Amino acid sequence: MALIRGCALLVAAFCLAVTLWTGLADPGTALAFGTLVLVGELTRWSGAQVREAAPLGAAGALSYALLGENAGRAGHHGVCQVVAVVLAAALLGSVPHIARGHSPTLDHLARRVLTVSFAAVCFQPLYGRGAFRGWGGPAYALLLLALLVLTALCGAVLAAAPVHCRSRWPFGPLLREELRGLMGIGAAVCATGAVMALAVAVVGLWALPVFSLPLLLTQLSLRRYAAVRTTYRQTIASLARATEVAGYTPAGHARRVAALSRAVGRDLGLSEPELTVLEHAALMHDIGQLSLVDPVPAGATAGLPAEEQRRIALLGGAVVRQSGVGREVAAVVERQADPCPEQPLPARIVRAVNAYDEKARDAGSGGPLRALEELRLATAGDYAPEVVEALARVLSRESLPSPVTG
């Protein structure tokens, strides 16, 4: 992570120094694209964890990096000017977010600098030497799309690397998740960047506001979709707290199981949609206890007979189905008490993590290690060995936190 930030800092400093020394070429074009990046950063999505928080800024930066002509006139800007203009606009657009306490991360700025540098290095020197002078029509458009795909792959690696360094999660699943994300907003950014570069080459800078409008509308739709998902998750969290409020389970148990289950699922390489289903099921895994007349002591269902566990799981699945949370979540809740060989992977994860939290909570200061050892001894039939080992890896990265109530 420090290496990525250091490389971005060196590239930014060098490009700024060169641009200040040589001056701006085509200042009108630089101002237009800088304004586009600035608007993209001002409308940056600061309230949510998304892969591309400023899609308009990203599309504008990539289109400037791949811009060869402006209304038929060859451009004279180079790699250093592209990076300098994009960086200056991004920093200026970050000022309002910093004032509101939503400062963009250094990783975001470093990734923006390096991806734009990559695209510009792949295109500008060759274009300046006339390598693409004979290219036209579909061939030139395919060239820009190919460069944008390579840039997107570079961005995916740069996005997965800091998370891997910070959390020590496996790099392969993180990179696969970033690559899956390219099919969403990433594809829209690449397509818009290519179309902008092609349109400006033909009709000039008036193409920028025309082709930026669809991406702004897409960003607005994604914000509304994220608001719906936030409300949906808050509803699930409220339902999960019902067992705590009623005194059936200790405070914080569902949240701990959900957080640890998600970490284990990520370690095992589950995709983001699968992780979401797993997290929701873990939050609601004890909802079936609300149907019990006499609460289970401390809500510890792992020590109950198999038939009683099965009955509580089926009741919980019925509650989840009636609440409209989703059939996939209900299926995981229902099958968490099935025999281990018959369970799907999310149900195995919820079962093992729930048992760990209950055993570690009741075993005192040495609870985490003792609970993990008990799970390992029970992998012959009760818990999946691969899940227990993934749980051990997650706990080793987190220094075996001891569950607490409250």
Query raised in the report: If you place +1 on the Cβ of every Lys and Arg and -1 on the Cβ of every Asp and Glu, how big does the dipole about the Cα centre of the stretch 76-186 come out, in debye to the nearest 20?
Result: 60 debye
**Report entry** Order of exposure, largest accessible area first, which applies to Tyr140, Tyr64 with probe 1.4 Å
**Finding:** Tyr140, Tyr64
Query raised in the report: Which residue fluctuates the most in the chain, going by a Gaussian network model with Cα springs under 10 Å, if the choices are Val113, Val86, Val228?
Result: Val228
Query raised in the report: Roughly how many Å² of Leu92 are accessible to a 1.4 Å probe, to the nearest 10?
Result: 110 Å²
**Report entry** the chain: most fluctuating residue of Gly34, Gly184, Gly57 per GNM, C-alpha cutoff 10 Å
**Finding:** Gly184
Report task. Name the cysteines of the chain that stand alone by the Cβ rule: no other cysteine Cβ under 4.7 angstrom. Result -> Cys7, Cys122, Cys154, Cys165, Cys190, Cys340
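With +1 on the Cβ of every Lys and Arg and -1 on the Cβ of every Asp and Glu, and nothing else charged, how large is the dipole of the chain about its Cα centre, in debye rounded to the nearest 20?
Numbers: 35 positive and 29 negative charges, 195 e Å.
For this selection, approximately 940 debye.
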Query raised in the report: Among Met196, Gly72, Gly269, whose Cα sits farthest toward the positive end of the charge dipole of the chain (+1 at Cβ of Lys/Arg, -1 at Cβ of Asp/Glu, about the Cα centre)?
Result: Gly72
Report task. May I ask you to derive the relative contact order of the chain, considering only C-alpha pairs under 8 Å and at least 6 residues apart, and to give it as an integer percent? Result -> 13 percent
Query - Over the stretch 106-249, volume per residue of the alpha carbon convex hull, in Å³ - result: 157 Å³
Report task. Arrange the residues Ser167, Ser323 by how much accessible surface each exposes, largest first, with a 1.4 angstrom probe. Result -> Ser323, Ser167
Report summary line: Expressed in Å to one decimal, the Kirkwood Rh of the stretch 249-380 from all distinct alpha-carbon pairs is 14.7 Å
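So if I average 1/r over every pair of distinct C-alpha atoms in the stretch 25-85 and take the inverse, what Kirkwood radius in Å does that give?
Kirkwood radius, the stretch 25-85: 12.2 Å.
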**Report entry** Estimated 222 nm signal from helices in the chain, with DSSP H stretches of n ≥ 4 weighted -39500 (n - 2.57), rounded to 500
**Finding:** -23500 deg cm²/dmol
Query raised in the report: Taking a 1.4 Å probe, which of Val11, Val387 shows the most accessible area, and what order do the others take after it?
Result: Val11, Val387
Report summary line: Using a 1.4 Å probe on heavy atoms of the protein chains only, the accessible area for Thr192 in Å², nearest 10, reads 20 Å²
Requested in this report: Quote the accessible area belonging to Ser396 in square angstrom, nearest 10, computed with a 1.4 Å probe and with ligands, DNA and RNA left uncounted.
Outcome: 70 Å²
Requested in this report: Using amide H atoms built 1.01 Å from N in the peptide plane, name the residues 5+ places from Asn70, or on other chains, whose amide H lies under 5 Å from its own.
Outcome: Gly75
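The values are calculated or read from the model by the stated rules, or taken from the named source; none is laboratory data. Predicted model, so just to flag it, every value in this text is computed and none were measured. As a convention, Cβ positions derive from the backbone with ideal geometry for all residues, glycine included, and neighbour counts pool all protein chains shown. For accessibility, only protein heavy atoms count, side chains too; no ligands or nucleic acids. Shrake-Rupley method; radii C 1.70, N 1.55, O 1.52, S 1.80 Å.
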